[in-house]
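Nothing in this text is a laboratory measurement; each read-out follows from the coordinates by a stated rule. Model, not experiment: these values are computed from the prediction. We place every Cβ from the backbone using ideal geometry, glycine too, and count neighbours over all the protein chains shown.
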Amino acid sequence: MTHHDTIPATPVAAMRADRGEGPLLLFAPSVLQATARRFLDGFDGLVTYAVKANDAEEVITNLAGAGIRAFDVASPAEMTLVRRLVPGAALHYNNPVRSMREIEAAMAAGVVSWAVDSPGEFVKIAARVPSRGTEVAVRVKLPVAGAAYDFGEKFGATPQEATELLRAVAAAGFTPAITFHPGTQCPDATAWAAYIRAAARIAQEAGVRLARLNVGGGFPARRMDADLPALEAIFDTIAATTRAAFGADAPGLVCEPGRAMVAECEALLTRVKAVRESGAVFLDDGIYGALAEAPLMGATDRIRVLAPDGRARCGAPEPRVVFGPSCDSLDRLPGTPHLPGDIAEGDAVLFFGMGAYGQVTCTRFNGYGALRRQTVRALTM
């Protein structure tokens, strides 16, 4: 364990102290724990963490230290990880498609909540998982816009299908629930409201009283400097809509944030390998590394450029083509980020809000993509 006195205070301090090679993820436990408390204090129900967003051991243990007691696990590997680090945690298995071996592994891990979105998947669970004390949540999909990309093409039952499936869950003796996901990076609270009202109608038509309603993830993280995601407004909409839609029979609420929980706790420190005569910038990381989501999520302006001595580059911003290090021409950031005109080879380029889907999606294409990690006390400049 690194002694506290050796932990850099800021990204600038980390950059000055770094003697390694390749991109560096800077992790701030204080930021992560503050975000966890924001969810725990603001959301009117059980807060689970979607491990897929960032499975670093220090992330899991810091979330547990902040009070997170339940985790959304999508695979046996994630179950094993959480069981090792947080032995008493509740495991929710909301990936609705599973092999027989995965079902057996989930049973051995003590999964307490399962999601289904088709009769065939429910039959597989019902034939193997004891119903007593086991929650099964029917996953619903709706044609609701507002997210960066929708999960409905891959997962979810239509309201009519969900009604029949919910009846089957209750008839088999499982604890009945409904779950949905409005899609990743969804800033519009009305998406949750539409799903909650649909869930109330489904439960009423099925004649089933829901034990819980899982409102999924999708909570927005900060993408641009001007963004300040209104999480509390979304929490309030979820609570108010649930009360209005269900009345006295309102189920307990569950959420499963991934991106919004961890995005702010890490920044990515890259180095400039070259600045071409055309103005194009080549970095030591790109879309095959921690910036894998960039083509899907679009441009961000949460970028800072530092000279090797730690001073901020302050030349007039210029639009730049920014490439990663691989020999693939697709390895470039979307658009033309505005970077200082005095950017130079050897400079550090910091990307903020990189705690979600950076480490977990990077590859080793062309021999690049190895990410180092460094704990910092804060992510302020």
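Taking label points 7 Å from Cα along the Cα-to-Cβ direction, Glu153 and Asp41 give a separation of 4.0 nm. Look at the Cα gyration tensor of segment 55-257: its axes a ≥ b ≥ c give a/c of at least 1.5 with a/b at or below b/c, and that counts as oblate. Segment 107-128 to segment 40-87: how many Å between their Cα centroids? Rounded to whole Å, the Cα centres lie 20 Å apart.
Counting only Cβ charges, +1 for Lys and Arg and -1 for Asp and Glu, the dipole size of the chain around its Cα centre is about 640 debye. Here the peptides 12-21, 206-215 are ranked by packing, the mean other Cβ count within 10 Å, and the order with the highest first is 206-215, 12-21. Other residues with beta-carbon under 15 Å from the beta-carbon of Ala105 carry, at +1 per Lys or Arg and -1 per Asp or Glu, a net charge of +3. The DSSP beta bridges internal to the chain are antiparallel in roughly 40% of cases. For the pair segment 198-221 / segment 222-255, the C-alpha centres are spaced 13 Å from each other.
Take Met381, Met79 and order them by how many other Cβ atoms sit within 10 Å, fewest up front.
Least to most surrounded, the residues fall as Met381, Met79.
Could you tally the net charge around Asn94, taking each other residue with its Cβ under 9 Å from the Cβ of Asn94, Lys/Arg +1 and Asp/Glu -1?
-1
For the chain, the tally of Lys pairs with Cα-Cα distances below 23 Å comes to 5, considering only residues 8 or more apart or on different chains.
Each peptide in 69-78, 124-133, 43-52, 321-330 receives the mean, over its residues, of other Cβ atoms within 10 Å, and ordering these scores from highest gives 43-52, 69-78, 321-330, 124-133.
Each of Thr375, Thr184, Thr163 was scored by other Cβ atoms within 10 Å of its Cβ. Arranged with the fewest first, they read Thr375, Thr163, Thr184.
Go through (1) 1.07; (2) 1.01; (3) 0.98 and flag the label whose value is the computed Rg/Rh (Cα atoms, Kirkwood Rh) for this structure. This structure yields the entry labelled (2).
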